[in-house]
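S.K.: Sharing a structure, written as structure tokens. Questions coming.
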Amino acid sequence: MGRGEEKNELVQANDVSEIVRKIRAQTPARLLAGRSGAAYRTSTQMELREAHAAARDAVRAELDLRTDFGEDFVREWNLLEVCSRATSKDEYLLRPDLGRQLNEASRAEVNRDGRVAQDLQIVIGDGLSVTAVATQVPRLLPLLYEGTRTQGWTVGSIFVIRYCRVGILNEIGELLRPRVAVLLIGERPGLATAESLSAYMAHQPKISDTDANRNLISNIHARGVGTEHAAQRILSLAAFMMKTHTSGYQLREELPTYDAPVRLP
């Protein structure tokens, strides 16, 4: 093989490497990672094991407000902790139905400390990733409140629900009767990230509601929907719900222009 042919092969190899780099930069999926025989390379195997361990830790972790958010944040936002009917992490994972209702003591606390008939009710639930809640909520919550002040909306007391499932929105709606309720909850972690948060939203949620009556903004994390964009989308969708008096499958989200203010119709 001549020098010219060797040079051409080297250029082609470099081109392929650059293409692979650009493709892999677009997704956290482990594409074109290479192999050693029939198996992943050692570095890829170690990355997978690390991601799996992070996912397991995120699911099994117990929410602790002062550890996960910090004393100052808890005090500044006056976060009130309540609990579903699940009494332990194991029971929560085995009995999803128990995570959809507040226990009796928590129902009494919500009735006592909650503000009724507000424009927006924000609830935080640990869900299936405490890591996601601890990472995203401290960034997202101040942005949401800034937006509500701009719109002149009233906002209810913020409750943090331990062992929380999405369906608990229905009970929150029955007890506090907000125009729109928002549940910020940790998503089931995967091997791409354990830090992904979801925002489930409903217009005047009630006990008979199902997933069809809710809207979802998912993948709120650094490589997905950023917290600023998530806040804009939540506020825009809340305004749309208030305008149309509905939510769920009947409502099509209109993505906002992120550098423009959200206006209450």
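S.K.: Quick one: count up the residues across the stretch 129-147 that are more than 28 Å from Ala55 (Cα to Cα) and buried (at least 20 other Cβ atoms within 10 Å of the Cβ). Before you say what the answer is, go through the steps one by one.
M.R.: Restricting attention to the stretch 129-147, the residues satisfying the condition of being more than 28 Å from Ala55 (Cα to Cα) are 145-147.
When the remaining residues are screened for being buried (at least 20 other Cβ atoms within 10 Å of the Cβ), the result is 147.
Counting residues in the stretch 129-147 that are more than 28 Å from Ala55 (Cα to Cα) and buried (at least 20 other Cβ atoms within 10 Å of the Cβ) gives 1.
S.K.: State which residue is farthest from Phe159 (Cα to Cα) when the search covers only the stretch 93-118 and only residues that are hydrophobic (A, V, I, L, M, F, W, C) and open to solvent by less than 40 Å² (accessible area, probe 1.4 Å).
M.R.: Looking at residues that are hydrophobic (A, V, I, L, M, F, W, C) and open to solvent by less than 40 Å² (accessible area, probe 1.4 Å), I get Leu98.
S.K.: Then there's this: Which condition breaks for Asp209 when tested against (1) open to solvent by less than 30 Å² (accessible area, probe 1.4 Å); (2) out of contact with any strand residue (DSSP E or B) (no Cβ under 8 Å at 6 or more places or on another chain); (3) charged (D, E, K, R)?
M.R.: Checking Asp209 against (1) open to solvent by less than 30 Å² (accessible area, probe 1.4 Å); (2) out of contact with any strand residue (DSSP E or B) (no Cβ under 8 Å at 6 or more places or on another chain); (3) charged (D, E, K, R), the one that fails is (2).
S.K.: Could you list all residues from the stretch 161-178 that are surrounded by 22 or more Cβ atoms within 10 Å (Cβ to Cβ), of a type in the set (A, V, I, L, M, F, W, C) and farther than 14 Å from Gly99 by Cβ?
M.R.: None; the set is empty.
Okay, residues lined up against (1) in contact with a Pro (Cβ under 7 Å, 6 or more places away or on another chain); (2) under 16 Å from Leu79 (Cα atoms); (3) of a type in the set (Gly, Ala, Ser):
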{"residue": "Asp126", "(1), (2), (3)": "no, yes, no"}
{"residue": "Val133", "(1), (2), (3)": "no, yes, no"}
{"residue": "Tyr145", "(1), (2), (3)": "no, yes, no"}
{"residue": "Gly152", "(1), (2), (3)": "no, no, yes"}
{"residue": "Ile161", "(1), (2), (3)": "no, yes, no"}
{"residue": "Val182", "(1), (2), (3)": "no, yes, no"}
{"residue": "Ile185", "(1), (2), (3)": "no, yes, no"}
{"residue": "Leu197", "(1), (2), (3)": "no, no, no"}
{"residue": "Met201", "(1), (2), (3)": "no, no, no"}
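S.K.: Right, another one. Give me the residue from the stretch 148-160 that is of a type in the set (S, T, N, Q) and in contact with a Lys or Arg (Cβ under 8 Å, 6 or more places away or on another chain) and, out of that set, least open to solvent (accessible area, probe 1.4 Å).
M.R.: Among those residues, the one meeting the criterion is Ser157.
S.K.: How many residues does the stretch 245-255 hold that are open to solvent by 30 Å² or more (accessible area, probe 1.4 Å), part of a helix (DSSP H, G or I) and touching a residue at least 24 places away in the same chain (Cβ under 8 Å)?
M.R.: 1
S.K.: Also: What strands (runs of 3 or more DSSP E) completely inside the stretch 122-229 contain at least 2 residues that are more than 11 Å from the chain's Cα centre (by Cα)? Break it down into steps so the answer makes sense when it comes.
M.R.: Values: elements: 159-162, 180-186, 197-203, 215-220.
Hits in the stretch 122-229: 159-162, 180-186, 197-203.
S.K.: Name every residue in the stretch 38-48 that is open to solvent by 60 Å² or more (accessible area, probe 1.4 Å) and not polar (S, T, N, Q), in order of residue number.
M.R.: The answer is Ala38, Tyr40, Arg41, Met46, Glu47.
S.K.: Name the pairs: first residue in the stretch 87-113 and basic (Lys, Arg), second residue open to solvent by 50 Å² or more (accessible area, probe 1.4 Å), Cβ to Cβ under 8 Å, at least 6 apart or on different chains?
M.R.: Final answer for the pair search is Lys89/Arg60; Lys89/Glu62.
S.K.: Please enumerate the residues belonging to the stretch 179-197 that are over 22 Å from Gln118 (Cα atoms) and open to solvent by less than 30 Å² (accessible area, probe 1.4 Å).
M.R.: Of all residues in the stretch 179-197, those over 22 Å from Gln118 (Cα atoms) come to 186-197.
Of everything in the stretch 179-197, those that are over 22 Å from Gln118 (Cα atoms) and open to solvent by less than 30 Å² (accessible area, probe 1.4 Å) turn out to be Gly186, Pro189, Ala194, Ser196, Leu197.
S.K.: Would you check which residues across the stretch 40-92 are among the aromatic types (Phe, Trp, Tyr), farther than 21 Å from Gln136 by Cβ and in a helix (DSSP H, G or I) and list them?
M.R.: Matches in the stretch 40-92: none.
S.K.: Okay, moving on. Against the conditions (1) touching a Ser or Thr at 6+ places or on another chain (Cβ under 6 Å); (2) under 16 Å from Leu176 (Cα atoms), where does Ala58 fall short? Just the number, please.
M.R.: Only one criterion in (1) touching a Ser or Thr at 6+ places or on another chain (Cβ under 6 Å); (2) under 16 Å from Leu176 (Cα atoms) is unmet by Ala58, namely (2).
S.K.: While we're here: Just to check your reading of the model, which residue among Ala51, Ala61, Ala86 is small (Gly, Ala, Ser), at pLDDT below 95, under 30 Å from Gly114 (Cα atoms) and buried (at least 16 other Cβ atoms within 10 Å of the Cβ)?
M.R.: After ruling out the rest, the residue left standing is Ala61.
The values are calculated or read from the model by the stated rules, or taken from the named source; none is laboratory data. Since we're looking at a predicted model, the values are computed, not measured. Here the Cβ is made from the backbone with ideal geometry for all residues, glycine too, and neighbour counts use every protein chain on show. Side chains included, ligands, DNA and RNA excluded: accessible areas come from the protein's heavy atoms. Shrake-Rupley method; radii C 1.70, N 1.55, O 1.52, S 1.80 Å.
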